[in-house]
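Worksheet for the structure shown next.
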Amino acid sequence: MATTITPTPGAKSATADAARARKKLPLRPWLRALHRDVGYLAVGFTVIYAVSGLSVNHIADLGDPSFKDVNRTHQLARPRDTSTEAVTRAVLAQLGIDVRPSDVYRASDTELDITLTEEHRLHVDLARGTIQEEAREPRFFLRLANWLHLNRGKKAWTYLADGYAVFLLFLAASGLFMIPGRKGLLGRGGLFVAAGVLVPVLYVVLSGGP
Amino acid sequence: MARIEQRRRFIQRALAGTAVAALGGYYFLSDDLTRAARAESRKDGRPRLPPGQRVLSKLRPMGGEPSDTPPSRYRVKIYGEVEAPFELTLAELAELSTEHSVDVHCVTGWSVLGARVKGVPLAKLAERAKPRTKARHVIFEAAHGYTSNVPIAEALRPNVLLAQRLEGQALPRAHGGPLRAVVPDLYFWKSAKWLEGVRFVEHDEPGYWETRGYHNHADPWREERYG
């Protein structure tokens, strides 16, 4: 007995909808979840690289951002004995410094330069009764961030930094597709991507490049 | 639809905020010190503040690799195309020093006006060294191989100094202490920090920054920043 199947109205479009739904389903939710989780993992690295990047970018204005130059002036309790040795002893005692100077230089009758380390010096002015203390002190966070950013430690950080770079590439790529938008990449998203690409290209062209 | 409206409002506010911040930055940059300096002129008729500069109240440390020579062994050599080369200790330089008020202009866009500097005019040291007639340029030689070049006529102007003190104090190491050149009428990179030698030469020798894209002459009034 022959059977005839008569297509019911609307059955074709229901099949097509189901196929579209199947196509839509897997990629975007996965992308969004991965983008979010990779974003979480990237927060610590991003803070380190961004803060260090800003400070290193402005190295010409700020000097070495890993350190701050300290310049303090102290009043000198004038010693009776103004020989080089006596003044040196008195100054170190007054400032509570228990370091043997690497150099002591009598620049004049009234001036004495005491070098404790390359980064720590005292200029004594007997005429004015002052001690000018010059030191270079590390900035805790910036020094660590720059040490990591500039990969001064090498070793395993090279691989971790490579991993972070791959994460950034993934974040950039997944960001393109995770929210469809009305026109996809043909709309505003496309314009922004083009602007992001054009800015460095134009900069190189207009500045004459390296 | 409501989300689209919200997004538009957010973008509008973000743009407005950016514009306000930019205008605030512009106002900040055109500060009182700079405005006052722009109204002044030098004796030679040029404006006191070169174009593209803003005034800071004190020198800004600009990096570089300080000298590691201890003061007791520090010497500066005056030599090259001269009849009587010589060396001076810091104490000998201090004896010859006098106080000067100088304006300095950094290529990055800041200037400090009327800085109180104590030092020896290079012209005074040149009188003793007696440059030969063929000497045309002066090379300032600093720690770790840094050099800068200045035409001899400009290097021997009375305001060009070998400076040891700034604002009544020993010149801080970050600013080139114990000894730096000060060449007020050229961009400040010409004023070599941690100065170890002044060499008179016949032929020009572009220095550290001059061979890295910066202008060979560096006149701030002509904005000779880049080569």
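Details
- Over the protein assembly as shown, volume per residue of the alpha carbon convex hull, in Å³: 240
- Helix-only arithmetic for chain B: the sum of -39500 (n - 2.57) across DSSP H runs with n ≥ 4, divided by the residue total, places the mean residue ellipticity at 222 nm at -7000 deg cm²/dmol.
- Rounded to the nearest 10 degrees, the inclination of helix B:2-29 to the longest alpha-carbon principal axis of chain B is 30 degrees.
- Cα gyration tensor shape of chain B, rounded if a/c is under 1.5, else prolate or oblate by comparing a/b with b/c: prolate
- GNM result for chain A, Cα springs below 10 Å: residue of A:L198, A:L142, A:L27 fluctuating most strongly: A:L198
- Amide N proximity, region A:66-109 versus A:W157 label position 7 Å along Cα-to-Cβ, cut-off under 16 Å: A:66-67
- With Cα atoms, 0 to 90° folded angle of helix A:11-24 axis to chain A main axis: 20
- Counting only DSSP H runs of at least 4 residues, each contributing -39500 (n - 2.57), and dividing by the residue count of chain A, the helix-based mean residue ellipticity at 222 nm comes to -17500 deg cm²/dmol.
- Using a Förster distance of 22 Å, the FRET efficiency for A:L150-A:D69 (Cβ separation, nearest 0.05): 0.65
- Counting, for every residue in A:96-109, the Cβ atoms of other protein chains within 10 Å of its Cβ and taking the mean gives 3.
No lab work stands behind these numbers, since they all come straight from the coordinates. Quantities reported herein were computed from a predicted structural model and do not represent experimental measurements. Glycine gets a Cβ as well: all are built from the backbone with ideal geometry, and neighbour counts include every protein chain shown.
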